[in-house]
Amino acid sequence: MYAGAADPWDLAGRWYEQRKYALTVAALPRRRYRRAFEPGCSVGVLTGLLAERCDAVLAADRVPAAVEAAARRNRDRSHVEVRTMAVPDEWPEETFDLIVLSELLYYFDDATLREVLQRTVDSLEPGGTLVTVHWDHPVEDHLRTGTQLAPLLTGLDGLAPVARLDDADFVLHTFTRRLPDGSAVPAPAAAEGLV
């Protein structure tokens, strides 16, 4: 698809995508993150939005043309690194306080999906945030919809739910990794002493 168009889904131009990205970033429970990982970054539109909230962003895609486009789009952001990586076989050694899985998980078969989710939880620091957002309409290349992914995500050990949005077109989840004592991270209002 990238051979025929630099941005095959018009991620930078479509209102649908702009709205979804805005909701994705709005669902982050913390104002600032130290280091984010965004596998499946495509052309790097969401990457740029994450860069505004993160000290460092590692974005990755398995398609070299997408990596080149994402690197070009974010070239003025020195704290953004874009790598060619095919997850889960290639996975960064680092840990992260934010991982974003956007429009990615429905491509994986059962075994690969389990591995991706386990690597995600293992790479997420205690107190860190996981955000997932997935198209919720059947597509021939997708093995699941956002609704079908939901129970797999909510069943992950070590994560506490923060928010869920069932949009007409996508399903968005936000989780935090439980603290070492098993407790959940305080919600934003509690963290600011409002409750």
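The values are calculated or read from the model by the stated rules, or taken from the named source; none is laboratory data. Here the structure is a predicted model, which is why all the values come from computation and not from measurement. Heads up, the Cβs are rebuilt from the backbone with ideal geometry, glycines too, and the neighbour counts pull from every protein chain shown. SASA here: full protein model, heavy atoms, side chains in, ligands and nucleic acids out. Shrake-Rupley method; radii C 1.70, N 1.55, O 1.52, S 1.80 Å.
In table form, for the structure just shown:
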read-out	value
Residue, farthest from residue 24 (Cα to Cα), within the range 144-181, restricted to residues that are without any contact (Cβ under 8 Å) to a residue 40 or more places away in the chain and in a loop (DSSP other than H, G, I, E, B)	181
Pair list, Cβ < 7 Å and 6+ apart or interchain, from the range 19-42 residues that are charged (D, E, K, R) to residues that are assigned to a helix (DSSP H, G or I) and buried (at least 22 other Cβ atoms within 10 Å of the Cβ)	38/46; 38/47; 38/50
Residue in the range 8-29 that is at pLDDT 95 or above and either β-branched (Val, Ile, Thr) or over 27 Å from residue 166 (Cβ atoms) (or both) present	yes
Residue 66 vs. criteria at pLDDT below 95, in contact with a Phe, Trp or Tyr (Cβ under 8 Å, 6 or more places away or on another chain) and of a type outside the set (Ser, Thr, Tyr)	yes
Selected residue (only one of 124, 104, 49 is at pLDDT 95 or above, of a type in the set (A, V, I, L, M, F, W, C) and open to solvent by less than 10 Å² (accessible area, probe 1.4 Å))	124
Checking residue 123 against (1) within 20 Å of residue 18 (Cα to Cα); (2) in contact (Cβ under 8 Å) with a residue 60 or more places away in the chain, the condition it does not meet	(1)
Of all residues in the range 54-80 being among the acidic types (Asp, Glu) and surrounded by fewer than 23 Cβ atoms within 10 Å (Cβ to Cβ), the one that is farthest from residue 33 (Cα to Cα)	68
Breaking point among (1) under 18 Å from the mean Cα position of the chain (by Cα); (2) open to solvent by 60 Å² or more (accessible area, probe 1.4 Å), for residue 195	(1)
Scan of the range 127-141 for residues that are open to solvent by less than 10 Å² (accessible area, probe 1.4 Å) and hydrophobic (A, V, I, L, M, F, W, C), ordered by number	130, 131, 133
